C-alpha cells in the first residue's frame, strides 16, 4: 500500500516559491516510477475574495454578480497543486503532464467573503497504454460543510521505445451538424496571459512558443481550464447551483493563435457544450451535464 505525505498550511502557500522547484527539480524516468505515495496538501482559512472573483469572471466571460463560477475554486486550489508538484517526493515531471479530464461537483453554493478550507490529494496512480495516469482530487469546505469537489485526471506519457511505439493519436471528433453555434472568437497570447494572472497558472507552455516547443509542442497552447470556464460562461449560461455535476474531456490543445467556436447540443439526456476549431470543426474540449 502506498504511503501518504501530508502538507499543511495556514492560508495558501506562495506559487512564486513553488514554481522554480516545479520547473527545475529533476524527476526519475516515468517508466521507473513504482508505488508513488499519496500526497495531500491542506490550507485552512482561505478567504474567498470578491476582488479575485471579479477579475476571474471578467477574463473568463462570466456575468458578475451571479453565483461563484463553478470553475473558480480550481483556481483557488492552484497553489496547493503547485506545492505538491514542487516537492521532491512527487515522482513525475509536471511540465510533461497532460490534463485529460475533469469532474466538478457543486455540493453547496460558496459566497464571496467565506473562509474556506482547501484539501488537495494526488493519488490513484495507474498504468495505461499511453502512460502513467493519476487523480488530483480537491475538496473545499467551510465550517465542516462540503462546498465543492473536483477530480482532475493527468497523464505522464511513456517514452517512445521499440516496445511502446508512438502511435498517431485518434483524431478528435466533430460536434454534430445540428449543434447550435453560441459564439465565435479569437484566442491569442493576450488571452492566455490574462488567464495566467487570475489563475496563478504560469506554466510556460501557455505563455511562450519557445518554451512550448522545448516541451514537445508546436507552439504555445491555451489553458485547458480557461477553455472549460469560457465555454461554461457563454450565454445562455445555465445555473450551476448546488447539485450540479460537470464532466469535461480535453481532447486536443488550442494552438495559438486560434479562432474557435462554442457549440451546444443535447444527447442522451445531457447538455453538451464544446470548444471547436472554426476551420476544421474538430472539438478541443467538451463539457456535459444533466439536461
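The values are calculated or read from the model by the stated rules, or taken from the named source; none is laboratory data. The model shown is predicted, which means the values in this text are computed figures rather than measured ones. Here the Cβ positions follow ideal geometry from the backbone for every residue, glycine too, while neighbour counts run over all protein chains shown.
Table: residues versus (1) at pLDDT 95 or above; (2) under 28 Å from residue 48 (Cα atoms).
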site	(1), (2)
194	yes, yes
214	no, no
221	yes, no
225	yes, yes
278	yes, no
Restricting attention to the stretch 26-48, does a residue exist that is within 17 Å of the chain's Cα centre (by Cα) and surrounded by 15 or more Cβ atoms within 10 Å (Cβ to Cβ)?
-> no
Matching residues in the stretch 53-110 (over 21 Å from residue 290 (Cβ atoms), part of a strand (DSSP E or B) and modelled with pLDDT of 95 or more) number 2
Evaluate the stretch 175-193: report whether one residue or more is within 30 Å of residue 113 (Cα to Cα), outside any helix (DSSP H, G or I) and touching a helix residue (DSSP H, G or I) at 6+ places or on another chain (Cβ under 9 Å).
-> no
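Taking residue 166 as the residue in question, decide whether it is part of a helix (DSSP H, G or I), at negative phi and at pLDDT below 95. Spell out the reasoning first.
Details: part of a helix (DSSP H, G or I): no; at negative phi: yes; at pLDDT below 95: yes.
Here the answer is no, as residue 166 does not meet what is asked.
Check whether at least one residue in the stretch 52-70 is touching a strand residue (DSSP E or B) at 6+ places or on another chain (Cβ under 7 Å), under 23 Å from residue 224 (Cβ atoms) and touching a residue at least 60 places away in the same chain (Cβ under 8 Å), and report yes or no. Spell out the reasoning first.
First, pick out the residues of the stretch 52-70 that are touching a strand residue (DSSP E or B) at 6+ places or on another chain (Cβ under 7 Å): 70.
Filter once more, keeping what is under 23 Å from residue 224 (Cβ atoms): 70.
Restricting the remaining residues to those that are touching a residue at least 60 places away in the same chain (Cβ under 8 Å) gives 70.
Yes.
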Residue check: is residue 202 over 23 Å from residue 276 (Cβ atoms), outside any helix (DSSP H, G or I) and touching a helix residue (DSSP H, G or I) at 6+ places or on another chain (Cβ under 9 Å)?
-> yes
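So that you can scan it fast, the table gives a plain yes or no per residue for (1) farther than 18 Å from residue 151 by Cβ; (2) free of Cβ contacts under 8 Å to residues at least 24 places away in the same chain; (3) in contact with a helix residue (DSSP H, G or I) (Cβ under 6 Å, 6 or more places away or on another chain); (4) crowded, with 16+ Cβ neighbours inside 10 Å:
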{"position": "76", "(1), (2), (3), (4)": "no, no, no, yes"}
{"position": "81", "(1), (2), (3), (4)": "no, no, no, yes"}
{"position": "86", "(1), (2), (3), (4)": "yes, no, yes, yes"}
{"position": "91", "(1), (2), (3), (4)": "yes, no, no, yes"}
{"position": "100", "(1), (2), (3), (4)": "no, no, no, yes"}
{"position": "104", "(1), (2), (3), (4)": "no, no, no, yes"}
{"position": "113", "(1), (2), (3), (4)": "yes, no, no, no"}
{"position": "122", "(1), (2), (3), (4)": "no, no, yes, yes"}
{"position": "127", "(1), (2), (3), (4)": "yes, yes, no, no"}
